[in-house]
Each structure stands twice: as structure tokens, then as C-alpha cells.
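J.: Sharing a structure with you now.
The values are calculated or read from the model by the stated rules, or taken from the named source; none is laboratory data. Bear in mind the structure is a predicted one, so any value in this text is a computation, not a measurement. Note that we place each Cβ from the backbone using ideal geometry, even for glycine, and neighbour counts take in every protein chain shown. These accessible areas exclude ligands, DNA and RNA; they are computed on the full protein's heavy atoms, side chains included. Shrake-Rupley method; radii C 1.70, N 1.55, O 1.52, S 1.80 Å.
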Amino acid sequence: MVRIAPSLLSADFTNLRGEVADVEKGGADLLHLDVMDGNFVPNITFGPPLVKSINGSTDMILDCHLMIEDPLFYAKPFADAGADWISFHIEASGLDADQVIDRLLELGVKPSIAINPDTTLYRLKPLLDRLYMVLVMSVFPGFGGQKFIPEVVPRIKELRDLGFEGEIEVDGGIDAVTAPHVVEAGATVLVAGSAVFGNPDRAGAIDAIRAAAAPAENGAEA
Ligand code: DX5
Ligand code: ZN
């Protein structure tokens, strides 16, 4: 079954405890945490102390999306803070992806690589059998509330054609309209920021995405 990961980026930051509780009660499977360093992307969000606080207030899986230049250095602080899954970007400069994966596995974290809409999937090919998940970006990273880029949909299928059997997470512009397309192509985890936190009824928003995606599971027509 498809898992739904609300992105905290679109939450009301003055009421984080309430927002986290709301989506947990509303049936979210994971909490997606967008970490931005003002360097890899032109925006800054939060770091390990906030992840640690969130970890103390929820049982949801913490799915950290690191949009940062130095995931090797920050792997341990985020793992110590309670990150369960960590995605780092293949586009980070000077990256040794194998070394970061080694580090994440050593820390007991599920390793995942995030890939931008315009980066060739072949860069992931030699790494696929080491990854728990691939995070396919369906917008350019940096901000919530952007429009879904439909050209990324075939990339999900291509990833399956490369033999990848792990989780495929799609992030950016996911709502009840776009969800069926990515699920039909093979996505198993859906990030939704504005579609969930922009709706006062979080449970309703999560249910709507799940219900829209359900007929498309296992490659059936949406
Ligand atoms: C973008 C982030 C996304 C974003 C998703 O850089 O990685 O997780 O918050 O937000 P929506 O669902 O509003 O596109
Ligand atoms: Zn994200």
C-alpha cells in the first residue's frame, strides 16, 4: 500500500506539536522533514535540534530529505536526532555517494538518494542495489507549493526498468490529481506538503490522496 508522507515545510511553525499530532491522527505513515542549508538550495529551514524535538513527540517514521551540500558530515547529527530514513542529493558537490551510504547504514538509517528533475537517472545505476529508497523530485528543490512537473512521471517507470525494487518516493506538487499518475508509474511513497497542511482537514486531505492513488496501485489504470 502507498504510504503518505506530509511535508512539515508547509505546516504552521508556531504550532508544530499540534500540526504533527494532526497528521499522525489523520493517518500519515511518515513525516517528511525538508532540511535546507541555504547553499545546496536557496532556502534555509531547520536542523537536528528540531528533528530531535519532533522525534520526542511522534511515533511516525521520520523521513529526512537533506537538501544540503555535506550529507556525510550531517549524517550522524540527524541520525542521533532520530531520523529513520535519510535522503541525500546525488547533485551535492564533491559527493562520494558510496561513502554516505556506508555511513547511513553504519548509523542504522535507511539510505536513500534524491534526484532532481533534470539529472540523468543513470547516475544512480551503480548505487541502486544499496538503496532502500530513491526520492524522485517532481519539482526543483527549495520551496513548497510548486507546480508538479509531469515530465518526471516516465522517470519513475525507467527506475523500475533499471531493476530498482526498493521504495520510490515522489516529492513536489503531489495532490489527489497528480498522485494516481506517479503511483501507476511505480511510486510507493508520496510526499505532500501544501496539499495536506494547506487543508484545514488534514485527515480528509490524506484520505483523498490515498483514495485517488489506490486504483492506480500495481500498475492498474487510474
Ligand atoms: C521541496 C521539498 C518538498 C516540498 C513539498 O524542496 O522537498 O518536500 O515541501 O511541498 P508541496 O507538496 O507543497 O510541493
Ligand atoms: Zn522534500
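J.: Over the alpha-carbon set of the range 45-110, work out the extent along each principal axis and list the three values in angstrom, largest first.
T.: 35, 25, 15
J.: Additional query: Translational diffusion coefficient, Stokes-Einstein: compute it for the range 113-172 using the Kirkwood radius over C-alpha pairs as Rh, at 25 °C and 0.890 mPa s, and state it as an integer in µm² s⁻¹.
T.: 209
J.: Going Cα to Cα from K52, which aspartates and glutamates come in below 15 Å? Please leave out same-chain ones fewer than 8 positions away.
T.: D34, D63, D80, D84
J.: Once each part is reduced to its C-alpha centroid, what is the distance from the range 155-209 to the range 84-110 in angstrom?
T.: 22
J.: Testing the spin-label approximation: label points 7 Å from Cα along Cα→Cβ at K125 and A203. State their distance in nm.
T.: 4.8
J.: Okay, next question. What is the percent carbon and sulfur in the accessible area of the range 23-110, measuring with a 1.4 Å probe over the protein chains and ignoring ligands?
T.: The nonpolar share, carbon plus sulfur, comes to 47 percent.
J.: Semi-axes of the equivalent ellipsoid for the range 1-131, please: Cα gyration tensor eigenvalues, times 5, square-rooted, ordered largest first, whole Å.
T.: 25, 16, 15
J.: P(r) of the chain in 5 Å steps, Cα pairs, percent per bin?
T.: Pair shares across the bins are 1, 7, 17, 20, 22, 17, 11, 4, 0.
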